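Student: I'd like to ask you about the structure that follows.
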Amino acid sequence: MKARAFWTIAPGVGQVREEDLAAPGAGGALVRTLATGLSRGTESLVFAGRVPASQHAVMRCPFQAGDFPFPVKYGYSAVGVVEAGPAALIGRRVFCLHPHQDRFVVPASMLHPVPETVPTRRAVLAANMETALNIAWDAGVLPGERVLVIGAGVVGLLAAHLLARVPGVALTVVDRDPAKAAVAAALGLAFAAPEDAPAEAELVVHAAGAPEGLALALARAAFEARIVEASWFGDRVVPLALGEAFHSRRLRLVSSQVGAIAAPMRGRRSHAERLALALALLEDARLDALLEGPTPFADLPATMARLAARPGALCHVIAYDPSV
């Protein structure tokens with residue numbers, strides 16, 4: 001069998017390549033891809049060749065081929081239909097952490113059934129929702145807290161969507177792009193420009209991927225507030241004014257990263273259970289506001305170059321099937 005896959009071959013240059021595909025062996029499954037999601041944050045850093053050498057091993061995704069910086073086959077949000085494999089899965093829609101590819105063979109244990117109530121397009125948000133869920137676990141939000149989420153990208157908005165469901169939470173999403181106000185409103189979230197961000201936040205989630213966003217988080221944090229850094233800066237150095245209110249306010253700055261289960265749930269939930277919960281949380285139709293596209297898989301090299309250069313892109317859907 002043959003398959004076509006998207007590869008990044010140089011900074012800002014992608015290519016769809018044909019490759020051989022082995023038949024699934026015992027315990028394996030063949031999946032025909034319906035859609036993949038293109039997450040601008042991490043994937044644009046990979047596309048630009050900005051994964052630090054120290055993070056090459058850590059940042060490998062499941063079923064990645066090639067090595068950083070180039071050539072590399074990368075991606076982690078595929079939804080498809082099982083065409084061969086265990087009888088219980090044949091014909092079912094599944095989610096898999098797999099690069100952009102029109103067919104692939106993986107161990108069946110790596111496939112996660114998509115709930116019937118979640119459309120294919122929305123299911124590509126599963127990887128981002130899993131990240132947002134881990135952020136929420138790391139944040140440990142309390143009922144009634146004042147919360148800021150800085151950065152209205154996909155992960156920031158999904159994290160805000162989850163945190164705002166805690167009773168009594170007063171949450172505001174902050175972004176410098178005024179167009180994001182409409183997306184926040186579609187999710188029922190309050191929105192503010194950076195200069196209007198409320199002060200005295202007891203929990204701040206920074207997901208903007210910009211040094212000025214993290215500086216704003218420090219400036220708006222209340223006494224002994226928690227600041228959860230959910231951005232990944234790649235090879236950028238981030239200056240911080242830690243000589244000002246950071247110490248006098250006894251602020252706590254912690255990182256959140258999806259590779260490990262957040263500490264409060266570690267040992268209580270497996271990675272598979274976390275992803276299954278993320279898929280179930282996608283039943284809310286309001287989350288369609290986070291989707292762009294679709295565009296055909298054949299156009300992915302040009303689409304990736306365009307989105308990597310456009311700030312504020314949400315989750316772009318790549319279609320492999322006319323039904324998407």
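Student: Between residue 70 and residue 245, what FRET efficiency follows from the Cβ-Cβ distance if R0 is 41 Å, with the result rounded to 0.05? Kindly include the intermediate steps, with their values, before the conclusion.
Tutor: On the way: r = 43 Å, r/R0 = 1.04.
Efficiency, from the Cβ-Cβ distance: 0.45.
Student: Also, I was wondering about something else. Compute the distance from the alpha-carbon center of region 131-154 to that of region 288-324, in whole Å.
Tutor: Their Cα centres are 26 Å away from one another.
Student: What does the C-alpha gyration tensor say about the overall shape of region 242-288? Classify as rounded when a/c is under 1.5, otherwise prolate if a/b is larger than b/c, or oblate.
Tutor: On the way: a/c = 4.07, a/b = 1.87, b/c = 2.18.
Because a/c hits 1.5 or more and a/b fails to exceed b/c, region 242-288 counts as oblate.
Student: Sticking with this structure for a sec: For residue 252 and residue 48 in one chain, what is 0.36 nm times their gap in residues minus the Cα-Cα distance, to one decimal in nm? Let's see the in-between values first.
Tutor: Numbers: separation 204, 0.36 × 204 = 73.44 nm, distance 3.19 nm.
Once the chain is fully extended between residue 252 and residue 48, it gains 70.3 nm.
Student: Ranked by Cβ crowding within 10 angstrom, fewest neighbours first, how are 112, 316 ordered? Please report the intermediate quantities before stating the final value.
Tutor: Values: 112 19, 316 24.
Least crowded to most crowded, the residues run 112, 316.
Student: Let me ask something else about it. So how do 135, 227, 9, 261 line up by other beta-carbon neighbours within 10 Å, fewest first? Could you put the intermediate results ahead of the total?
Tutor: On the way: 135 26, 227 23, 9 14, 261 19.
Neighbour counts put them in this order, fewest first: 9, 261, 227, 135.
Student: Please say if the chain is rounded, prolate or oblate, where rounded means a/c under 1.5 for a ≥ b ≥ c the square roots of the C-alpha gyration tensor eigenvalues, and otherwise the choice is prolate for a/b larger than b/c and oblate otherwise? Walk me through the numbers on the way to the answer.
Tutor: Values: a/c = 1.89, a/b = 1.61, b/c = 1.17.
Because a/c hits 1.5 or more and a/b exceeds b/c, the chain counts as prolate.
Student: What do you get for the angle between helix 126-139 and the principal long axis of the chain? Use alpha-carbon atoms, 0 to 90 degrees, nearest ten.
Tutor: So the helix axis and the longest Cα principal axis differ by about 30 degrees.
Student: Compute the acute angle (0 to 90°) between the alpha-carbon long axis of helix 271-280 and the principal axis of greatest extent of the alpha-carbon atoms of the chain; round to the nearest 10°.
Tutor: Between helix and principal axis, roughly 80 degrees.
Student: Please say if region 129-265 is rounded, prolate or oblate, where rounded means a/c under 1.5 for a ≥ b ≥ c the square roots of the C-alpha gyration tensor eigenvalues, and otherwise the choice is prolate for a/b larger than b/c and oblate otherwise?
Tutor: On the way: a/c = 1.21, a/b = 1.13, b/c = 1.07.
Cα axes put region 129-265 in the rounded bin.
Student: Connecting C-alpha atoms closer than 10 Å in a GNM of the chain, tell me which of 262, 152, 22 has the biggest fluctuation.
Tutor: 22
Throughout, read-outs are computed from the coordinates displayed, never taken from laboratory work. Given the structure is predicted, the values throughout are model-derived calculations rather than measurements. Note: ideal-geometry Cβ built from the backbone for every residue, glycine included; neighbour counts use all protein chains shown.
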